[in-house]
Amino acid sequence: MKHQALALSLTLTLALSPTALHAQDRATFDSAYGAFQAAVSAGQMEEAAQRGAEAYAAGQQLFENGSPELARLSLNYGRAVLATGRGPQASEILLSALNQSKAAFGADSKELISVYVSLAEAFATSSGRGSAAEQDQAFSEAARLTALHQGAESEATGITELKAGMTLLDRAQSPLAGPHLERAYSILSSALGRDHALTGQAAFYLAKYALASNNLATAADWLTTAIATFADPARPQNQLEFSTHLLNVQTLEGMGSSEAATASAQAIGRARGNTEAVDLQPLYTVSPRLGTDIEQKQGSATISFMIDASGRVQQAEITESTVSDVVEQASLEAISRWRFAPRFEDGQPVAREASQTLNFGPRQN
């Protein structure tokens, strides 16, 4: 894409205002907080979580409840625990940080934005689908405050909405993701332009959202929109661009639009080039259709075939088999619909030989 894709990263900071502190308590705090900062800088988040707890406990001896210092200490402690994957524990700490921050800065302060985002991510880590409503509520508050302080149509508000939609879709598979993603695309396309990487990322997630409802045509439209934001639509440059082309192949093949899927299949192949490490994993597969009257026994069928310049399967034939003729035929029909990324030589797609072995086990009752 033309710009860097959205990065979701952990940032731990604390700004301490001058205050009169007892020397011994201050020394204890400084030691604990210094160890916390060192652990964060080293990326040692288990250590950071432990030192964060010690710094917070020491801070409670120095700062009053509801003070800005204690609010920031509790936020940093909660983020460190969240980075270790302990969502339930992080949620409890961050709820305390939220209350501390409201008391210190006010319920509509911009200081609460990062608290709400971290809390939403903690809910997502805690209980998956069961916490979708809690995630949505926390993200919605973060988006409201971002809009209040930076503008309803600002890039920052669009990014907050995008983060909300991505998390709700990826972590909770929740329909609550839809409105956030729609707002994200609208805001980002207006603030940054339709060709910006973040706008493309919002389009990609709107496609995933459409696919969750089995709306293939809408998904295909959003994927076309996402691909148009790439710096070079014919050559993916990062994981998001690869994922977009892959999802486009799968969506179009699922719609029966195999010809339309060729550009994305070739884009993936072009980026991979021609090396020994070229991945022969299919981009799209279907399973053999076996009637209920077929007694499915253990066995396998090895099929050799050509992958043509568009990534389609040609000349499929059974080369080794321990299954019945009916299962062999079903296997051939299925693999003939598979799609691969073609190999490229001197900048041009070329055919290549390949084989796949399909394994069959006993029917499970």
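Suppose we keep only residues that are closer than 16 Å to GLN137 by Cα and touching a residue at least 24 places away in the same chain (Cβ under 8 Å) within region 76-110. Which one would you say is surrounded by the fewest Cβ atoms within 10 Å (Cβ to Cβ)? Filtering first and then ranking leaves ASP108. Considering only region 27-43, state which residues are hydrophobic (A, V, I, L, M, F, W, C) and either within 34 Å of the chain's Cα centre (by Cα) or outside any helix (DSSP H, G or I) (or both). Correct list: ALA35, PHE36, ALA38, ALA39, VAL40, ALA42. Of everything listed in (1) in contact (Cβ under 8 Å) with a residue 60 or more places away in the chain; (2) touching an Asp or Glu at 6+ places or on another chain (Cβ under 7 Å); (3) not basic (Lys, Arg), the single unmet condition for TYR284 is (1). Assess whether GLU161 counts as being crowded, with 20+ Cβ neighbours inside 10 Å, within 16 Å of the chain's Cα centre (by Cα) and assigned to a helix (DSSP H, G or I). Yes; evaluated as a whole, the condition is true for this residue.
Of the set (1) buried (at least 24 other Cβ atoms within 10 Å of the Cβ); (2) hydrophobic (A, V, I, L, M, F, W, C); (3) within 26 Å of the chain's Cα centre (by Cα), all apply to ILE113 but (1).
Taken over region 296-348, the criterion of being of a type in the set (A, V, I, L, M, F, W, C), touching a residue at least 40 places away in the same chain (Cβ under 8 Å) and in a strand (DSSP E or B) is satisfied by ALA301, ILE303, PHE305, MET306, ILE307, PHE344. Only residues that are among the hydrophobic types (A, V, I, L, M, F, W, C), touching a residue at least 40 places away in the same chain (Cβ under 8 Å) and surrounded by fewer than 16 Cβ atoms within 10 Å (Cβ to Cβ) were counted across region 216-270, and they come to 1.
For region 317-336: of the residues being among the β-branched types (Val, Ile, Thr) and closer than 17 Å to MET306 by Cβ, which is surrounded by the fewest Cβ atoms within 10 Å (Cβ to Cβ)?
THR319
Matching residues to (1) under 31 Å from the mean Cα position of the chain (by Cα); (2) farther than 30 Å from ALA263 by Cβ; (3) among the hydrophobic types (A, V, I, L, M, F, W, C):
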position	(1), (2), (3)
ALA301	no, yes, yes
SER321	no, yes, no
ASP325	no, yes, no
ARG343	yes, no, no
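Taking helices (runs of 4 or more DSSP H) as the structural unit, those lying wholly within region 192-265 and holding at least 2 residues that are among the β-branched types (Val, Ile, Thr) and under 29 Å from SER154 (Cβ atoms) correspond to 216-227.
Here are some residues: ALA124, ALA156, ALA132. Which one is modelled with pLDDT of 95 or more and among the aliphatic types (A, V, I, L, M)? Give the derivation first.
Values: ALA124 fails: modelled with pLDDT of 95 or more; ALA132 fails: modelled with pLDDT of 95 or more.
Residue meeting the stated conditions: ALA156.
Residues in region 256-310 that are among the acidic types (Asp, Glu) and at pLDDT 95 or above were compared, and the one that is nearest to LEU358 (Cα to Cα) is ASP308.
Taking helices (runs of 4 or more DSSP H) that fall entirely within region 62-155, which contain at least 1 residues that are among the aliphatic types (A, V, I, L, M), in contact with an Asp or Glu (Cβ under 7 Å, 6 or more places away or on another chain) and in the same structural domain as GLY52 (by TED's automatic domain parsing)? I'd like the intermediate steps shown before the answer.
Numbers: elements: 68-83, 87-105, 112-127, 132-150.
Correct list: 68-83.
The values are calculated or read from the model by the stated rules, or taken from the named source; none is laboratory data. On a predicted model such as this, the values are computed, not experimentally measured, just so you know. Glycine also receives a Cβ, built like all others from the backbone with ideal geometry; neighbour counts cover every protein chain displayed.
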